[in-house]
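Visitor: My questions all concern the structure below.
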Amino acid sequence: MLSRDFIGFSLSSVMAHRTRSILTTMGIAVGIAAVVLLTSIGEGVNRFVLAEFTQFGTNIVAINPGKVTTFGAPTGVFNTVRPLSLEDSDALNKIPYVTSVVPVVQGNAEVEGQGRTRRTMVYGVGSQFPGAFKFGVAAGGFLPDDDPRAPRAYAVLGSKLKNELFGEANALGERIRVGGDRYRVVGYMQSKGQVLGFDLDDTVYIPAARALDLFGREGLMEIDVLYAEGAPAEEVVAGVNRVLISRHGGEDFTVTTQQQMLDVLGSVLGVLTFAVGALGGISLLVGGVGILTIMIIAVRERTSEIGLLRALGATRQQILRVFLGEAVILSALGGLMGLALGIGGAWLLHFLIPAMPVHTPVSYILMAEAMAVVIGLAAGVTPARRAAAMEPLEALRAE
Amino acid sequence: MITLEGINRIFQVGDQQVHALDDINLTIQPGEYLSLMGPSGSGKSTLLNILGLLDKPTSGRYLLEGREITSLSDDEQATVRGEKIGFVFQFFHLVPRMSAFENVELPLVLAGMAPSVRRERVNVILEQLGLMDRAHHRPDQLSGGQRQRIAIARATIMKPSLLLADEPTGNLDSRSGTDVVEVLEKLNAGGITLVVVTHDGQVGKRAGRRLRMVDGAIVKDERG
Ligand SMILES: Nc1ncnc2c1ncn2[C@@H]1O[C@H](COP(=O)(O)OP(=O)(O)OP(=O)(O)O)[C@@H](O)[C@H]1O
Ligand SMILES: [Mg+2]
């Protein structure tokens, strides 16, 4: 018997009971739709967050003042938390594999230029900032590599701030005020857009030492350490610990690697995916039981047809395949319906809530359909074997 | 040629044994036309089913064209049924969801024949039986006589050497019954061995060789 005839034969009996077949496939369809829709959302969110996190590269180590335990409370062992200083930042430059170190102080201040004022974010950083964060300078240059303790009063504008203050006009060499202090504009940045909710374009960059003065802070908010691609993160972290502990006399700071953040993210998404899988799995199981039931009924109803096929020369193997094929066709059709529902739902969701990141990888689609087929096979085995085991004469005589 | 030697068929019903066939010895020449008559329960269907490999004898030997049949495997028996034997049943046994054409085509499909060859052969046989205009009707859109002729077409599409009919006219009025018998006889004239089980004496006496069974044994074997 040719494969296309097997399919044709199985299909003809599925089509003969159209309503029943559609109802039977619903269980599978709902299960597959749920899996596809939810994994599309999961994958969309995953990609979105991952892209946000890794746009600066994955080889970043962040150092924050204060030791934070897993539960987020300071241990209290070190009553005096020494602030992270610019000297600390300098010292970190000498650790092996480290390519750049960026001290960070952040706050808000009024920026005044060309007679206009605007309240924006102020980033106090070091000269290595653009290289470290793959952030391009549109015109002029970034902050020069001055003595970190006594840098010149230079400022670099984010693209949006530049436009707000100067429009199309040239801003290089112009004077502005940041929180009342006078600065000279030495460059402005290319547009970067929003990163995790911060508009990096509506920003002014000034030397970290001046930002410390401006905000009256004793220490840096963060030091970002970049190391060479492919270098062992543990060694970099160990180096950071060694240098800072010897400088501070104790571990009064927290080191977070990008990998740790990604791991946490990955495990959260893993739990989510598992929950989704379990949910979809339950409806698929229900769908599989539905197919099993309808196939047992079909075999009973068509007992005399089985006898006839055997009388016409069909082998047990052929009978087995006909009924297995029927179960698979039912589940595959359910799978296709589920895919249509799931992908359509994902699309609709994205259409209604454009901010919702949705992504359906082709591999998921293929996997979901393969899963449906496997369920059909599993559900069809018992009824099909029962059909194949029938004795021709007894089957023929059944009414 | 068909040879049955010492065929017994015993059914076990509870703790009771039913001796449906009792030491049957029978030789059938190729192209013969046999009728099998006898009271209800005398074992006619049982004998026909054993001839058609739908049932196995409890003991005895069955040779079909010189080949010992009873010891064949399940799959080999299926192949022999498909290639050498055609069945016509009292209740037609057409597949209700399939058209007349598809029903006739079924044995060719099971044998794995290519669609173009199948179409050709089915059309030829439907033409011969005058059923061309009914090819795409489903069984429930056909009369009893037409259904039985479709069943005959299906039974002979594989060009078997043996055609077995169990009360082929039992469910038909006498007009269409005669039609069906004439179709069967035409096939027999073409060389096929024909065995017809019937309760109808008019049908039974048309055969060249007439067997009578009582209580599982052949009690009369007339020719001419
Ligand atoms: N599967 C079976 N199980 C038990 N007994 C059976 C079975 N098939 C047939 N018999 C018995 O075997 C005997 C012969 O049955 P068979 O069907 O061959 O008779 P028949 O001559 O065809 O009768 P009828 O003319 O009524 O069709 C009967 O006594 C019947 O009850
Ligand atoms: Mg009978």
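Visitor: Hand me the GluC sites (Glu not before Pro) from segment A:194-299 located in a DSSP loop with no more than 15 other Cβ atoms within 10 Å, in residue order please.
Guide: Working: sites: A:GLU218, A:GLU222, A:GLU229, A:GLU234, A:GLU235, A:GLU251; in loops: A:GLU218, A:GLU229, A:GLU251.
Those that pass, being in a loop and sparsely packed, are A:GLU218, A:GLU229, A:GLU251.
Visitor: For segment A:181-258, treating each Cα as an identical point scatterer without solvent, what Debye log10 I(q)/I(0) comes out at q = 0.11, 0.12, 0.24 1/Å?
Guide: Values, matching the q order: -0.48, -0.57, -1.17.
Visitor: How shielded is B:68-80 by partner chains, expressed as the average number of their Cβ atoms within 10 Å of its Cβ atoms?
Guide: Average neighbour count from other chains, rounded to a whole number: 2.
Visitor: Take the alpha-carbon centre of segment A:177-252, take the same for segment A:270-317, and report the distance between them in whole Å.
Guide: Rounded to whole Å, the Cα centres lie 62 Å apart.
Visitor: Defining a contact as two alpha carbons under 8 Å apart and six or more residues distant in sequence, what relative contact order in percent does segment A:82-251 show?
Guide: Details: 345 pairs, mean separation 56.5, N = 170.
Result for segment A:82-251 is 33 percent.
Visitor: Let me ask something else about it. State the Cα centre-to-centre distance between segment A:1-55 and segment B:165-224 in whole Å.
Guide: Centre-to-centre distance over Cα atoms comes out at 55 Å.
Visitor: So what are chain A's ellipsoid semi-axes, whole angstrom, largest first, if each one is the square root of 5 times an eigenvalue of the alpha-carbon gyration tensor?
Guide: With the √(5λ) rule applied to chain A, the semi-axes are 68, 24, 16 Å.
Visitor: If the elastic network links every pair of Cα atoms under 10 Å, which of A:GLY313, A:GLY277, A:GLY345 fluctuates the most in the Gaussian network model of chain A?
Guide: Highest fluctuation of the listed residues: A:GLY313.
Visitor: Moving on. Rg (Å, one decimal) plus Dmax (Å, integer) for the alpha carbons of segment B:88-183?
Guide: According to the Cα coordinates of segment B:88-183, Rg and Dmax are 12.5, 39 Å.
Visitor: Here is a further query. Cα-Cα pairs above 20 Å in segment A:82-251: how many percent?
Guide: Everything past 20 Å amounts to 52 percent.
Visitor: Sequence gap at least 6, Cα distance under 8 Å: using those rules, report the relative contact order of segment B:1-145 to the nearest whole percent.
Guide: RCO, segment B:1-145: 20 percent.
Visitor: Could I ask something else about it? Based on DSSP H runs of at least 4 residues, each adding -39500 (n - 2.57), what is the mean residue ellipticity at 222 nm of chain A after dividing by all its residues, to the nearest 500 deg cm²/dmol?
Guide: On the way: 12 runs with 218 residues, N = 399.
Here the helix-only value at 222 nm equals -18500 deg cm²/dmol.
Visitor: Which of the GluC sites (Glu not before Pro) across segment B:115-204 are loop residues per DSSP, with 10 or fewer other Cβ within 10 Å?
Guide: none
Visitor: Only Cα pairs within less than 10 Å get springs; with that Gaussian network setup on chain B, which residue of B:ALA165, B:ALA189, B:ALA207 has the largest fluctuation?
Guide: Among B:ALA165, B:ALA189, B:ALA207, the largest mean-square fluctuation in the Gaussian network model of chain B belongs to B:ALA189.
Visitor: Does a label point 7 Å from the Cα of A:LEU265, set along Cα-to-beta-carbon, have any residues of segment A:314-356 with amide nitrogen under 20 Å, and which are they?
Guide: Label zone hits: A:355-356.
Visitor: Now for a different question. Would you work out what percent of the accessible area of chain A, with all protein chains in place, is carbon or sulfur (probe 1.4 Å)?
Guide: After summing per-atom areas, the C and S share lands at 61 percent.
Visitor: To continue, here is another question. Where is the GNM fluctuation largest for chain A (alpha-carbon springs, 10 angstrom cutoff): A:VAL61, A:VAL374, A:VAL240?
Guide: A:VAL374
Visitor: Roll a 1.4 Å probe over the protein heavy atoms and report the accessible area of A:MET26 in Å², nearest 10.
Guide: Rounded to the nearest 10, the figure is 80 Å².
Visitor: Set the Förster distance to 25 Å, then compute FRET efficiency between A:GLN317 and B:SER116 from the Cβ-Cβ distance, nearest 0.05.
Guide: Computed FRET efficiency for A:GLN317 and B:SER116: 0.50.
Visitor: Can you give the accessible area of A:LEU37 in Å² (nearest 10), computed on protein heavy atoms with a 1.4 Å probe?
Guide: Here the accessible area works out near 50 Å².
Visitor: Continuing with the same structure: Percent of Cα-Cα pairs per 5 Å bin, from 0 to the last occupied bin, for chain B, please list those.
Guide: Taking all Cα pairs of chain B, the binned fractions are 1, 7, 15, 18, 19, 16, 12, 8, 3, 1, 0 percent.
Visitor: Let me ask you something else. At R0 = 25 Å, how high is the FRET efficiency between B:GLU5 and A:GLU394 if r is their beta carbon distance? Nearest 0.05 is fine. Mind showing how you got there, number by number?
Guide: On the way: r = 26 Å, r/R0 = 1.04.
Efficiency, from the Cβ-Cβ distance: 0.45.
Visitor: Quick one: if the Förster radius is 51 Å, what FRET efficiency do B:LYS220 and A:LEU377 give, using the C-beta to C-beta distance and rounding to 0.05?
Guide: Computed FRET efficiency for B:LYS220 and A:LEU377: 0.40.
Visitor: When the C-alpha atoms of segment A:260-399 are aligned to their principal axes, what extent does each axis show, in angstrom, from largest down?
Guide: The principal-axis extents, from largest down, are 68, 32, 21 Å.
Visitor: Which Cα, out of A:VAL105, A:GLY167, A:LEU157, lies furthest along the positive dipole direction of segment A:82-251 (beta carbon charges, K/R +1, D/E -1)?
Guide: Sorting the options by dipole projection puts first A:GLY167.
Visitor: With labels modelled as points extended 7 Å from the Cα through the Cβ direction, what inter-label distance (nm, one decimal) is found for A:ILE353 paired with A:ILE297?
Guide: The answer from the label model is 3.8 nm.
Visitor: Of the options A:VAL268, A:VAL122, B:LEU21, report the single residue whose Cα projects farthest towards the positive end of the charge dipole of the protein assembly as shown (beta-carbon charges: Lys, Arg +1; Asp, Glu -1).
Guide: Positive-most Cα among the choices belongs to B:LEU21.
Visitor: Report the charge-dipole magnitude of chain A in Debye, nearest 20, computed about the Cα centre from +1 at each Lys and Arg Cβ and -1 at each Asp and Glu Cβ.
Guide: 980
Visitor: Could you state how much accessible area B:PHE92 has, in square angstrom rounded to the nearest 10, with a 1.4 Å probe and all protein chains kept in place?
Guide: Per-residue accessible area (B:PHE92): approximately 20 Å².
Visitor: Taking only C-alpha pairs under 8 Å that are 6+ residues apart, what is the relative contact order of chain A in percent?
Guide: Reported as a whole number, the value is 29 percent.
Visitor: Any chance you could run the full-extension gain for A:ARG177 through A:ASN64? It's 0.36 nm times the residue separation minus the Cα-Cα distance, nm to one decimal.
Guide: Length gained between A:ARG177 and A:ASN64: 37.8 nm.
The values are calculated or read from the model by the stated rules, or taken from the named source; none is laboratory data. Keep in mind that what you see is a predicted model, and the values were worked out from it rather than measured. Here the Cβ is made from the backbone with ideal geometry for all residues, glycine too, and neighbour counts use every protein chain on show. When the accessible area is computed, the model is the full protein with side chains, heavy atoms only, and any ligands, DNA or RNA have been set aside. Shrake-Rupley method; radii C 1.70, N 1.55, O 1.52, S 1.80 Å.
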